[in-house]
Amino acid sequence: MSPFYTFSAESLSGEPVALADYRDKLVLVVNTASQCGFTPQYAGLEALYQRYKDDGLVILGFPCNQFGGQEPGDAAEIAQTCQLNYGVTFPMFAKVDVNGSEAHPLFKWLVDAAPGLLGNAVKWNFTKFLINRQGDAVKRFAPITKPEALADDIQALLKN
């Protein structure tokens, strides 16, 4: 069994979620922030989710305040930004660290399983990790990569 399926995380509403619930799905994990220059990517992520969710894509958003303090709000404020400003309907989780000793175990695994070009650490908000249906981290995308640029990779992996 892939390590991906052994992790769990707290939803934005405070409920525990086993990532095994996403078995056989194509998963895009994104560290997010509500006050970042890349925050408008929420709209593109939601568009991807709407386009491919019936084919098996799920997007998991993990707010993070480690980069410039750009996610200072609590869960209610994060939910408001995501839902009211960007219409986000994909699953959002409680705020996590993505780097350092306090990093969520999922991100500790992701940065090793899908290393970056200049080292393994997550460099900024809206870094994206694509997990195939078998639970393998197959690709990392930089924060500057717009969600719509992931469509070809998503389509290819949805066929497998």
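No value in this document is a laboratory result; all are computed from the given coordinates. If you're wondering where the values come from, they're calculated on a predicted model, not measured in any experiment. Please note: Cβ atoms are built from the backbone with ideal geometry, for glycine as well, and neighbour counts cover all protein chains shown.
Descriptive notes on the structure:
- Dipole magnitude for the chain: computed about the Cα centre from +1 point charges on Lys and Arg Cβ and -1 point charges on Asp and Glu Cβ, it is near 420 debye.
- Fraction of alpha-carbon pairs over 26 Å apart in the chain - percent: 17
- The sum of -39500 (n - 2.57) across all DSSP H runs of n ≥ 4, divided by the residue count of the chain, sets its helix-only mean residue ellipticity at 222 nm to -6000 deg cm²/dmol.
- The DSSP beta bridges internal to the chain are antiparallel in roughly 60% of cases.
- Within the listed set LEU130, LEU150, LEU84, the residue fluctuating most in the Gaussian network model of the chain (springs between alpha-carbon atoms under 10 angstrom) is LEU84.
- Residues TYR5, TYR49, TYR42 arranged by fewest to most Cβ contacts within 10 Å: TYR5, TYR49, TYR42
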